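Notes to accompany the following structure.
The values are calculated or read from the model by the stated rules, or taken from the named source; none is laboratory data. A quick note: this is a predicted structure, and the numbers were derived from the prediction, not measured. Don't worry about glycine lacking a Cβ; one is built from the backbone with ideal geometry, like all the others, and counts go over all protein chains shown. In case anyone asks, the SASA skips ligands and DNA or RNA and just uses the protein heavy atoms, side chains included. Shrake-Rupley method; radii C 1.70, N 1.55, O 1.52, S 1.80 Å.
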Amino acid sequence: MGEMDSTGHGAGAARGFEFAVETFGLDVGYGGRAVQFGVELRVRRGQIFVLLGGSGCGKSTVMRTLVGLVPPLRGRVALLGETFAEAGREADDAAAIRRRIGVMFQNGALFGSKTLLENCAVPFETLPGRSRREIAEIGREKLADVGLADFADLYPAQISGGMQKRAAIARALVLDPDILFLDEPSAGLDPVTSAGLDELILRLRDERRMTVVMVSHELSSIFAVADNAVFFDRTTRTALDSGPPARLRDESPYPAVRAFFNRIPESTGRRT
Amino acid sequence: MPDKLKNEDLDPGNGASRHALAGVAEWTGRAVCAFFFGAASLAEFCGRLVVATFKAAFSRSIRSRLPDFPRVFARAGAEAVPVTMLVGFLLGFIIAYMSAAMLNRFGAEIYVANLVGLALVKELGVIVAAIVLSARSASAFAAEIGTMSVNDELAAMRTMGIDPVLYLALPRIVAGALALPLLSLFADLAGLVGGWLTLSFFGYSAKIFIAKAFEFCSAADLATSLAKGAVFGGVIAAAGCKCGLETGLGSDAVGRATTNAVVSSLVSFIALDGLYAILASVAGGG
């Protein structure tokens, strides 16, 4: 996969590296069986980058590999200019890199036995030196950022699915990460809540110069926020094309990519 | 002779029994392998836990988990007291009743007190408590952690750089190790009451019962029993946590993890108890 275009949102190479996320010949999968081969991603700092593809193409596995949950079968992942994961081994300073990334899972993955505020305190477990009061203040601030200031003392089961997703984003933001990974943030949400999340993601990029890598199916959301996207194909098990979403929709040489954006059923799309 | 053998080989009944024998042998082999692999896996998990504990001995990770410890300890310990005492009481009552019926023929029913005291303090009290801990807490730990695994909460922890072994398993294992000796004391106490109740039908007072019950029990026996309880408690909790951490995908996996937790914790502590009995016998400690 070729290099992604910069949108100029990021701080660029000012802090010693150009790309927030890079992969080199990455094969991803489980139990020795690859679901995607030879993934080459280059995500510039400050970009919103979307991983696209049909159901079962392996985009969530790619993201799990990027965040260190699934070891690469082959190749290497570099985050923020440092090697983060490599086939057969994990980088020595992976723990330090982990503190600079935030991850939101598709179902939120909030801790059910903790309130939203307590959930926001969990990422501080590995960081000594902050008082409980400070941690609580930061947690309340992040919850306020996602519009959940009044719900800090509720448990995840007491709020809606959309609120759980926002709370999960707040938890992912408490350490002010350089990269935010989001797994289908808009899935299952009503259009208004979904638009609110899009706004939040854009704000994170514009105000905090955060790099956002997200898995999404929601075309409206993709066109609203994405600077660049990459399309993973289930049949060839490779990343077919990448670039700004509008270009992928209108100019991609791959029928499968155009079919995805134009909502053409797969069998028809393959023939176009 | 070769012809006879050939005929036996052709006999379908004989072939079927051989097939059944092979099946039993295969099943036994698999079961033995599974047992040893399971034991090795649990030992490996305990090793990982020890390493993780030492690595983070003075870090915030452990210190910050201490406030969670009382909740886990209360569930594994205090909330298990009534059922432990009930089972202990019934066990003491049944042992005394069965043995009194026999010893009464020889006019030796007073020795029931010795039997109940010795059996409970040295062995049965801790076993009753261990069974209760396995059934109540190992399963609960596996279900709780397994559900977290299914909901991606463990994955979320890992992305935050938090080791779930340390964060979730350690407080539960410490709680198990502390709760089981205390529960075994309650089981002993209730069992003695059950034993005395039986002997009271024969006209023996509580004072005599207590004096006889502790005639052959020393403080060392009690201390050994408590120490065994601490080890069993830790192992039972570790087995529950391990099964939870290894939960696969889906709600079915949580059910399987819970079942595995109860089975592996029961097998683990009974195997350990047997090992201890052999070692004590070899060392002359009886």
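Would you kindly identify the helices (runs of 4 or more DSSP H) lying entirely within the stretch B:180-286 that contain at least 1 residues that are under 27 Å from B:Phe141 (Cβ atoms) and open to solvent by less than 30 Å² (accessible area, probe 1.4 Å)?
So the answer is B:219-245, B:251-282.
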Check your understanding: Inside the stretch A:66-78, can you point out the residues that are within 12 Å of chain B (Cβ to nearest Cβ) and within 12 Å of A:Val213 (Cβ to Cβ)?
Key -> A:Leu66, A:Val67
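Residues to consider are A:Ala78, A:Ala94; find the one that is open to solvent by less than 80 Å² (accessible area, probe 1.4 Å) and either on the phi > 0 side of the Ramachandran plot or modelled with pLDDT under 85 (or both).
Working: A:Ala78 fails: either on the phi > 0 side of the Ramachandran plot or modelled with pLDDT under 85 (or both).
Result: A:Ala94 is the single residue among A:Ala78, A:Ala94 that is open to solvent by less than 80 Å² (accessible area, probe 1.4 Å) and either on the phi > 0 side of the Ramachandran plot or modelled with pLDDT under 85 (or both).
When the residues of the stretch A:81-91 are narrowed to those that are among the aliphatic types (A, V, I, L, M) and within 14 Å of another protein chain (Cβ to nearest Cβ), which ends up surrounded by the fewest Cβ atoms within 10 Å (Cβ to Cβ)? Write out each step before concluding.
Just the residues of the stretch A:81-91 that are among the aliphatic types (A, V, I, L, M), to begin with: A:85, A:87, A:91.
Next, from what is left, pick out any that are within 14 Å of another protein chain (Cβ to nearest Cβ): A:85, A:91.
Values: A:Ala85: 25, A:Ala91: 18.
Per the stated criteria, the residue is A:Ala91.
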Review point. Being open to solvent by 30 Å² or more (accessible area, probe 1.4 Å), at pLDDT 90 or above and acidic (Asp, Glu), is that true of even one residue in the stretch A:145-158?
Key: yes
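Here's the yes/no breakdown for (1) farther than 17 Å from B:Thr84 by Cα; (2) surrounded by fewer than 22 Cβ atoms within 10 Å (Cβ to Cβ); (3) in contact with a Phe, Trp or Tyr (Cβ under 8 Å, 6 or more places away or on another chain):
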position: B:Val126; (1), (2), (3): no, no, yes
position: B:Val132; (1), (2), (3): no, no, no
position: B:Arg136; (1), (2), (3): no, yes, no
position: B:Ala143; (1), (2), (3): yes, yes, no
position: B:Met148; (1), (2), (3): yes, no, yes
position: B:Ala156; (1), (2), (3): yes, no, yes
position: B:Met160; (1), (2), (3): yes, no, no
position: B:Pro164; (1), (2), (3): yes, yes, no
Practice item. Only residues that are among the polar types (S, T, N, Q) and more than 10 Å from every other protein chain (Cβ to nearest Cβ): list them for the stretch A:105-159, please. Key: A:Thr115, A:Ser131, A:Gln158
Review point. With A:Val67, A:Val21 as the choices, which residue is in contact with a Phe, Trp or Tyr (Cβ under 9 Å, 6 or more places away or on another chain), among the aliphatic types (A, V, I, L, M) and over 21 Å from A:Asp241 (Cβ atoms)?
Key: A:Val67
Practice item. Determine if the stretch A:120-134 includes at least one residue that is of a type in the set (A, V, I, L, M) and over 22 Å from A:Ala170 (Cα atoms). Key: no
Review point. Would the stretch A:110-121 turn up any residue that is open to solvent by 40 Å² or more (accessible area, probe 1.4 Å) and under 19 Å from the mean Cα position of the chain (by Cα)?
Key: no
Review point. Checking A:Pro177 against (1) open to solvent by 60 Å² or more (accessible area, probe 1.4 Å); (2) in contact (Cβ under 8 Å) with a residue 12 or more places away in the chain, which test does it fail?
Key: (1)
Check your understanding: over 30 Å from A:Asp183 (Cβ atoms), without any contact (Cβ under 8 Å) to a residue 12 or more places away in the chain, assigned by TED's automatic domain parsing to the domain that holds B:Tyr276 and within 24 Å of the chain's Cα centre (by Cα), is that true of B:Ala230?
Key -> no
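Residue-by-condition table, conditions (1) in contact (Cβ under 8 Å) with a residue 24 or more places away in the chain; (2) within 14 Å of chain A (Cβ to nearest Cβ); (3) among the aliphatic types (A, V, I, L, M):
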position: B:Asn114; (1), (2), (3): yes, no, no
position: B:Gly117; (1), (2), (3): yes, no, no
position: B:Leu120; (1), (2), (3): yes, no, yes
position: B:Ala130; (1), (2), (3): yes, no, yes
position: B:Leu133; (1), (2), (3): yes, no, yes
position: B:Glu153; (1), (2), (3): no, yes, no
position: B:Val165; (1), (2), (3): yes, yes, yes
position: B:Leu185; (1), (2), (3): yes, no, yes
Exercise for review: Identify, from the list B:Arg105, B:Arg172, the residue that is of a type in the set (Lys, Arg) and open to solvent by 50 Å² or more (accessible area, probe 1.4 Å).
Suggested key: B:Arg105
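Just wondering, is there one or more residues in the stretch A:155-168 that are in a helix (DSSP H, G or I) and over 23 Å from the mean Cα position of the chain (by Cα)?
Looking only at the stretch A:155-168, we keep the residues that are in a helix (DSSP H, G or I), and these are A:156-158, A:161-168.
Restricting the remaining residues to those that are over 23 Å from the mean Cα position of the chain (by Cα) gives A:157-158.
Within the stretch A:155-168, one or more residues are in a helix (DSSP H, G or I) and over 23 Å from the mean Cα position of the chain (by Cα).
What do you reckon, is A:Leu200 modelled with pLDDT under 90, more than 10 Å from every other protein chain (Cβ to nearest Cβ), surrounded by fewer than 22 Cβ atoms within 10 Å (Cβ to Cβ) and in a loop (DSSP other than H, G, I, E, B)?
On the way: modelled with pLDDT under 90: yes; more than 10 Å from every other protein chain (Cβ to nearest Cβ): yes; surrounded by fewer than 22 Cβ atoms within 10 Å (Cβ to Cβ): yes; in a loop (DSSP other than H, G, I, E, B): no.
For A:Leu200, the condition - modelled with pLDDT under 90, more than 10 Å from every other protein chain (Cβ to nearest Cβ), surrounded by fewer than 22 Cβ atoms within 10 Å (Cβ to Cβ) and in a loop (DSSP other than H, G, I, E, B) - is not met.
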